Amino acid sequence: MITSARPQIAESASRSRWNRARLRLIVPIGVIAAVAVACLLIAVLTSARRANEVSLTREQQLVQQEIVARGARVLREVESVAGTPGATQAIRVEYDRPWIEHHLGNWLEAFFDHDLVVVVDGTNGVEYARSRISGDVGSTDLPTGLSSVLDLLRGRLTNPPSHAMSILAAEDPRGNGRSVALIEHFLDRPAIVAAVAVGSDKDLAHGNENAPVVVSVKYIDDNVLRDIGARLQLPGLRIVDDPAHSANPQVTALTDAQGAAIAHFAWQPTRLGGQIAGSLLPFVAIAIAGFALLAGLVMRYIRHTAETISAGETQLRHLALHDPVCGLPNRIYFGERLETVIGEVRRGGPSAAVFYIDLDHFKDVNDTLGHHIGDELILNVTQRLSRVMRGDDLVARLGGDEFAIITACASDSYSLQAIAGRIISAVCAPYAISGHNINIGASIGIAVIDRRAGDAADILRYADMALYRAKSEGRNRACIYDAAMDADLSQRKLLEGDLLHAIRNDGLAAAYQPIVNASGDTMVGVEALARWTHPTAGVISPAVFIPIAEHSGLIVELGEWMLRRACLEGRNWPGLTVAVNVSPLQFRRSDFVDVVERVLRETEFDANRLELELTESTLLGNMETAELSMLRLKAIGVRFALDDFGTGYSSLLYLRRFPFDKLKIDSSFVLSIETAPDAAAIVHAVVSLGRGLGMRVTAEGVENAEQHLFLRAAGVHSMQGYRFGRPGPAADITARMASPDDYRVDNPDQEVALAS
Ligand code: C2E
Ligand code: CA
Ligand code: CA
């Protein structure tokens, strides 16, 4: 159903608004937050890696420097013994083996932990050798691996040997000619090999070619590395054989002159970067959590705002498109939907129709019982219409008492009238609201929407024309628009112009219908009725031109013209009451009383003989001013009759509240006296009611003796109808006054008796 589809539309609108908000705000915020977090992480990780690299390089340098420094220390240790005058004496001057054993070999081994001590003579022949590790020195031959250090010391090599690393290489590859140290493989193990020439400065002034040399070897073993590791705070510093398969990436190589590795060292890295990252990460995590929390809060806020706005919009849209009283779609919504349906039908969809419904007497209810009852009534009508129509029909309230329905249906008149019939019987069934029993009617104009349909305005105009026709044909009817109605409309427009011309140029006339006493033998008054003979169309019935005049507002001028005319002509009929019809539009004008007074003054007509006929609808809506106007006119003698009693809302309220002098029972009641069983009872009741309120009662439309007899018996004071005289020119009334006997009706008793 169209109306129930609204909440879904609203819901999806709210969802899409939320989606839009998410796209416009939350996505950018999320992206910024994510990028910021990513940058932060990358910064932390990069700096951690960089710190790792820096610390690795630093540690590698430290390890190498420390090993080189160790080499220099070993050299200094050897020098501290071999460079003494005692050593020169014991080795060079006179060979003193005990001294050498005690002060050199034992000393270097015990105090400085050297692994091998050898003393060679000027021709590199071994004079003394002491080794901690058995097997290092097997004979008196120079152990292989020591020749290169001796060659370097003795100046036979200009550069350090290719397989070794010179400790003093940076300063002087040959040392000072007195000493040199290398790091090289000695017996397949990395070792520091130091050689010191023995002799005083004078001895060595011309080189060390033939000088004895003390050579000492110290392996770079676990003890040395543990010591270095402890100094450098590099736990686990050790030699690894195959760096490629080492689990530890922290490896450095000690390389020889050719760049080949003498030894690989590994240790547990400090991983400064890891420490930095480790100390930063909790803060990063807190920042990320903060971002996430912030984004969450912003999202929640935006979502909440979007929902609030959306709910407000939905509500506003609903208010803009629905009737506040009954909740039905309003005119705007109806117009939009009508356009859509017309479009669908034009594209080949099933035909549809607009039912334009006008409630009769709704205004009466509103004015007499109050707006709350009126609203309640509208709600009831809404429920009934919704029940009668199908779910996919659109029921809308266009205004006060106007409803409209769009329904897809067969476009033949039989089906349309069947639907209209259902609507009318639903709406016309009595309503019980707050203890009031309310009856209203409905007129319906129908316009079919087919493939040739015009736009929404056209369709509405057609439905309106059909409604006008339905109303003018009598209430509780439905009319289907046809092209002839367009012609009617233009005809009406033409007539309107002609009527205006007639009013202004005395083209109208007044006819007078006698009103007689109960027995019918005496004329007591006349009713003035407007007559119009069109110059070309001939006589036009008041039933045609009065509605046109009312619709166009011409009735005000017409009414004044008739009043003046009736007063002028009525002057000739002393003793007769002259009744003039007053239309609601005329009566409601603020100058109405002044106009009547002026006409009376100008025509010098006796106000006591003027009777104004009002209908119930004349009094609606402005009860206070209506009462005041009536009272002002009554004060100068004018009388009032309530016309057409029984056709309108017929509330007792009117009779009680307003100072009417007379009640005119509508001709439809009189007509039904013989046919409808309860009409007679109603007429009785109305007569006694009027009498009870001190009013006189006139019956209209009395055509035959039976009606006359019945009404007289019921106690009606006066009568009007063809039985007593048709409306005619003023001259007829004058003639009738001159010779009343010519117009006397027969005694109804005799007539009825004769007929039966
Ligand atoms: P109404 O005021 O109820 O006038 C009585 C109508 O009943 C007149 O119709 C009259 O010719 C008709 N009539 C009288 N006796 C009989 C009868 O025995 N049988 C039948 N079938 N009809 C009878 P008319 O003159 O056609 O006027 C129709 C309505 O036009 C009037 O109804 C009144 O409402 C309105 N009207 C006429 N003249 C004026 C006028 O000057 N001003 C205003 N505001 N309305 C007028
Ligand atoms: Ca009348
Ligand atoms: Ca009447």
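Please list, in chain and number order, the residues 5+ apart from residue 322 or on another chain whose amide H is under 5 Å from its amide H, with Hs placed from the backbone.
330
For residue 387 and residue 49, what is the calculated FRET efficiency with R₀ set at 60 Å and r taken between the beta-carbons, to the nearest 0.05?
Values: r = 79 Å, r/R0 = 1.31.
The value I calculate is 0.15.
For region 489-511 and region 515-546, what is the separation of their Cα centres, given in Å?
Their Cα centres are 17 Å away from one another.
Go through 48-61, 394-407 and give me the packing order, highest mean Cβ count within 10 Å leading.
Values: 48-61: 15.7, 394-407: 21.5.
So the peptides 48-61, 394-407, ranked by packing, come out 394-407, 48-61.
Arrange the following residues from fewest to most other Cβ atoms within 10 Å of their Cβ: 673, 220. Write down the numbers at each step before the final one.
On the way: 673 18, 220 23.
In increasing order of surrounding Cβ atoms, one gets 673, 220.
Give the relative contact order (percent, whole number) for region 492-755; include only Cα pairs under 8 Å separated by 6+ residues. Walk me through the numbers on the way to the answer.
On the way: 426 pairs, mean separation 52.1, N = 264.
Worked out over region 492-755, it gives 20 percent.
Roughly how many Å is it from the Cα centre of region 342-359 to that of region 672-736, as a whole number?
48 Å
With r defined as the distance between the Cβ atoms of residue 156 and residue 58 and R0 fixed at 60 Å, what FRET efficiency is calculated, to the nearest 0.05? The partial results should precede the final answer.
Details: r = 38 Å, r/R0 = 0.64.
Efficiency for this residue pair is about 0.95.
Once both axes come from the Cα atoms, what is the angle between helix 222-232 and the longest principal axis of the chain, in degrees from 0 to 90, rounded to 10?
The angle comes out at about 50 degrees.
What does the C-alpha gyration tensor say about the overall shape of region 410-556? Classify as rounded when a/c is under 1.5, otherwise prolate if a/b is larger than b/c, or oblate. Walk me through the intermediate numbers first.
Working: a/c = 2.78, a/b = 1.33, b/c = 2.09.
Cα axes put region 410-556 in the oblate bin.
Quick one: Debye curve from the C-alpha atoms of region 622-750, no solvent, what's log10 I(q)/I(0) at q = 0.18, 0.19 Å⁻¹?
-1.04, -1.11
Towards the positive end of the charge dipole of region 671-717, with charges on Cβ (+1 Lys, Arg; -1 Asp, Glu), say which of 704, 671, 689 has the farthest Cα.
689
Which residues' amide hydrogens lie under 5 Å from the amide hydrogen of residue 581, considering only partners 5 or more residues apart or on another chain, with H built in the peptide plane?
Long-range HN contacts for residue 581: 528, 613.
Kindly express, to the nearest 10 degrees and within the range 0 to 90, the angle between helix 2-21's C-alpha long axis and the longest C-alpha principal axis of the chain.
Tilt relative to the chain: about 30 degrees.
If packing is taken as the mean number of other Cβ atoms within 10 Å per residue, what is the order of 731-741, 225-235, highest first? Don't jump to the answer; show the numbers that get you there.
Working: 731-741: 13.8, 225-235: 15.9.
My ranking of the peptides, most packed first, is 225-235, 731-741.
Report the calculated FRET efficiency for residue 589 and residue 722 (r = Cβ-Cβ distance, R0 = 41 Å), to the nearest 0.05. Don't skip to the answer; put the middle values down first.
Numbers: r = 34 Å, r/R0 = 0.82.
With R0 = 41 Å, the Cβ-Cβ based efficiency is 0.75.
Mean projection of the alpha-carbon convex hull of the chain over all orientations, in nm²?
Working: hull surface 252.2 nm².
Averaging across all directions leaves 63.1 nm² for the Cα convex hull.
Please tell me the relative contact order of the chain in percent, rounded to the nearest whole number, where contacts are Cα pairs under 8 Å and at least six residues apart.
Values: 1201 pairs, mean separation 62.7, N = 756.
For the chain, the relative contact order is 8 percent.
Rounded to two decimals, what is the ratio between the C-alpha radius of gyration of region 63-232 and 2.2 N^0.38 Å? Please list the in-between numbers first.
Details: Rg = 14.8 Å, N = 170, 2.2 N^0.38 = 15.5 Å.
The value comes to 0.95.
Using a basic spin-label model with each label point 7 Å from the Cα along Cα→Cβ, how many nm lie between residue 455 and residue 483?
Spacing of the two 7 Å Cα→Cβ label points: 2.3 nm.
For a protection proxy built on the mean count of beta-carbon atoms within 10 angstrom, sort 270-279, 358-367 highest first, please. Working shown, then result.
On the way: 270-279: 16.3, 358-367: 20.8.
Highest mean packing first, the order is 358-367, 270-279.
Please give the Cα centre distance for region 105-132 versus region 298-335, rounded to the nearest Å.
If you average the Cα positions of each part, the centres end up 105 Å apart.
In this model, which of 634/664; 493/662; 493/664; 471/493 are farther than 28 Å apart at the alpha-carbon? Present the calculation step by step, with values, prior to reporting the outcome.
Values: 634/664 18 Å; 493/662 37 Å; 493/664 33 Å; 471/493 18 Å.
In this structure, 493/662; 493/664 exceed 28 Å between Cα atoms.
So what is the relative contact order of region 602-686, in percent, for Cα pairs below 8 Å that sit 6 or more residues apart? Don't skip to the end; give the middle numbers.
Numbers: 86 pairs, mean separation 23.8, N = 85.
That works out to 28 percent.
Report, to one decimal in Å, the Kirkwood hydrodynamic radius for region 21-60 based on all distinct Cα pairs. Intermediate results must be reported in sequence, preceding the final value.
On the way: mean 1/r = 0.0830 Å⁻¹.
The answer is 12.0 Å.
Any idea what angle helix 413-428 forms with the longest principal axis of the chain, computed on alpha-carbon atoms, 0 to 90 degrees, nearest 10?
Helix 413-428 sits at roughly 90 degrees to that axis.
I'd like the projected area of region 446-510, averaged over all directions, using the convex hull of its alpha carbons. Report it in nm² with one decimal. If you can, show how the numbers build up before the last one.
Numbers: hull surface 23.2 nm².
Orientation-averaged projected area of the Cα hull: 5.8 nm².
Identify the residues of region 493-527 with backbone N under 12 Å of a label point that sits 7 angstrom from the Cα of residue 731 along the Cα-to-Cβ direction, or state none.
It comes to no residues whatsoever.
Of 126, 389, 463, which is farthest towards the positive pole of the chain's charge dipole, taken about the Cα centre with +1 and -1 on the beta-carbons of Lys, Arg and Asp, Glu respectively?
Farthest towards the positive end: 126.
With θ taken as phi - 60° and the coefficients 6.51, -1.76 and 1.60, list the Karplus ³J(HN,Hα) couplings across region 457-466 in order, rounded to whole Hz; mark glycine and proline as x.
Once θ is set to phi - 60°, the couplings for region 457-466 become 4, 4, 4, 5, 5, 4, 4, 5, 5, 5 Hz.
Please compute the length gained on full extension between residue 505 and residue 331, using 0.36 nm multiplied by the number of residues separating them and subtracting their Cα-Cα distance.
Working: separation 174, 0.36 × 174 = 62.64 nm, distance 4.21 nm.
That works out to 58.4 nm of additional length.
Using only the alpha carbons of region 331-482, determine the length spanned along each of the three principal axes and report them from longest to shortest in whole angstroms.
Cα extents, longest axis first: 50, 30, 23 Å.
Coordinate-derived values only; no laboratory data. It should be emphasised that the depicted structure is a prediction, and the values quoted were computed from it without experimental measurement. Cβ: placed from backbone, ideal geometry, glycine included. Neighbour counts: every protein chain shown.
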